[in-house]
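Visitor: Would you mind keeping the following structure in view while I ask a few things?
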Amino acid sequence: MSSQKPSTFESPLPSSQRSSKRSSLTSQPQRPAPVTSEQVKAFWEAMQARYGTQTVDKPSAPEMRLLAYVLARMGVTDRETFLELESTTIGRRIYLPFTPGIATPQHSLWSQIVTCVREHQHVEQRDREGAWRFTARYLGDRAARALYKADAYTCELELHYWRTGALLKPRALAERLKGYGLRDADLNVAEAALIAAARTVRAGGVITSATKVALTWLRKHAPELGFKHTQGGET
Amino acid sequence: MTHITKRELLPSRARSSLFPPLFTSLCILLSACGPCALCTPQQTRCVGSFVEVCDADGRWRSTEDCAAIITEGSGPWEGAWKCCSVPADELGPEGHSCVPPELTCDGGGVR
């Protein structure tokens, strides 16, 4: 249930299902407004209130330091990557390698919003399936874990599209799952799921529950962060 | 004393016609436990309003519920999205995805 920040982007627009709503998108879309520290703090507070979650400073949490040591010894991931770059959600505790609202070279303000939604999608998954079933499948079934992660990364697709009008590459997102003890076949399946999700997002759909909650807040409190706002369209 | 095997109780034609459906039924029953791979990994399909993808162990898993999708930037309900087959494009090979209410989806895919 931990994730790194995104890396690769795909140039805008699609082919077949291109909606007329998107026709105003030019080859050089205007940049949406920069994110402010206050917006990030308020967004995290709203999401935490909605889901009943709490954040914990990951690098200083003893349980995470122990887990980092174990994972490093197992060769799954190195200690610094796990503690300094990745977020981890266990139950309703979200372990963060940053303080919401304080940008760092590794964690931009926008990426902090994306992380918030992605980690809360894991909370949605746990609520939907029940804590025991979710935990057992996440830890014990690699094929299931790949699709839980793909579902959470769908939030990134959705938010990036809302902000820029462009799609993240499904393969690049799937490649980021390599540190989760998955087989190559699992990554390929995650990519297939993300391709399906990307087509839905491109057609204007919002799939994940956490993104629906997030966009409701963003449209109300920070519509200028979305690309449609800068295009003169609805947000 | 003549020993009659189980095979001899059924004529060969009956055996050959019964085996495929029996095997398929058994596989379907056991598929929930995983021993029979019923699909090819990365395959997709529509089951009702759900998009399903075949996982690495050959089991179908739901990934999107089209009925629960909302249209970004519009009212809460503009008609139901539906699962439909879609052609290959720059995102990937042909597969299945949720499509908006205004698009028509028939057996041949989205139009």
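Bear in mind these aren't lab numbers, they're just calculated from the coordinates by the rules spelled out. Quick caveat, the model's predicted, so the values are computed rather than measured. Cβ placement follows ideal geometry from the backbone for every residue including glycine, while neighbour counts extend to all protein chains displayed.
Visitor: Pull out the extension gain between A:GLU63 and A:THR216, defined as 0.36 nm times the separation in residues minus the alpha carbon to alpha carbon distance; nm, one decimal.
Guide: 51.7 nm
Visitor: Given the Cα-Cα distance of A:GLU175 and A:ARG31 and 0.36 nm per residue of separation, how much length would full extension add, in nm?
Guide: Using 0.36 nm per residue and subtracting the Cα-Cα distance, I get 49.1 nm.
Visitor: Once the dipole of region A:151-235 is set up with Lys and Arg at +1 and Asp and Glu at -1 on Cβ about the Cα centre, which of A:LEU173, A:PRO223, A:VAL206 lies farthest towards its positive end?
Guide: Going by the charge dipole, the pick is A:PRO223.
Visitor: Pop out the ³J(HN,Hα) list for region A:116-127 in order, Karplus 6.51 cos²θ - 1.76 cosθ + 1.60 with θ = phi - 60°, rounded to Hz; leave Gly and Pro as x.
Guide: After applying 6.51 cos²θ - 1.76 cosθ + 1.60, I find 4, 5, 4, 5, 6, 5, 5, 5, 4, 4, 5, 5 Hz.
Visitor: Modelling each spin label as a point 7 Å along the Cα-to-Cβ direction, I'd like the A:GLU84/A:THR104 distance in nm, to one decimal.
Guide: 0.8
Visitor: Taking the alpha-carbon set of region A:101-150, what are its Rg and Dmax in Å?
Guide: For region A:101-150, the Cα-based Rg and Dmax read 13.6, 37 Å.
Visitor: Sticking with this structure for a sec: In Å, what Kirkwood hydrodynamic radius results for region A:151-211 from the alpha-carbon pair distances?
Guide: Hydrodynamic radius (Kirkwood, Cα only) of region A:151-211 equals 11.6 Å.
Visitor: Quick one: which residues, 5+ away or cross-chain, put their amide H under 5 Å from the amide H of B:LYS82? H built at 1.01 Å from N.
Guide: B:VAL99
Visitor: Over region A:43-127, what is the relative contact order in whole percent, taking alpha-carbon pairs under 8 Å and six or more residues apart?
Guide: Taking the mean separation of contacting Cα pairs over the length of region A:43-127, I get 32 percent.
Visitor: Give the residue list of trypsin sites (Lys or Arg not before Pro) in region A:47-77 that are DSSP loop and have at most 15 other beta-carbon atoms within 10 angstrom.
Guide: Answer in residue order: no site qualifies.
Visitor: Taking amide H positions as placed 1.01 Å from N in the peptide plane, with prolines and chain starts having none, which residues 5 or more places from A:SER87, or on another chain, fall under 5 Å of its amide H?
Guide: Here the answer is A:SER3, since their amide H atoms fall under 5 Å of that of A:SER87.
Visitor: How big is Rg to Rh over region A:53-120, alpha-carbon atoms, Rh as the Kirkwood inverse-mean-distance radius?
Guide: 0.96
Visitor: For a quick check: with amide H placed at 1.01 Å from N, whose amide H comes under 5 Å from B:VAL110's, ignoring anything fewer than 5 positions away on the same chain?
Guide: It is B:SER85, by chain and number.
Visitor: For A:GLU45 and A:ALA131, what does the FRET efficiency come to when R0 = 25 Å and r is the distance between their Cβ atoms, rounded to the nearest 0.05?
Guide: Once the sixth-power term is evaluated, E becomes 0.55.
Visitor: Taking Cα pairs under 8 Å and at least six residues apart, what relative contact order does region A:149-235 come out at, in percent?
Guide: 36
Visitor: Tell me, what HN-Hα J-couplings in whole Hz come from the Karplus equation 6.51 cos²θ - 1.76 cosθ + 1.60 at θ = phi - 60° for each residue of region A:74-83, using x for Gly and Pro?
Guide: Rounded to whole hertz, the list is 7, x, 6, 7, 7, 4, 5, 4, 5, 7.
Visitor: Considering just Cα atoms, how many Å³ per residue does the convex hull of region A:125-235 enclose?
Guide: Given the Cα convex hull of region A:125-235, per-residue volume reads 96 Å³.
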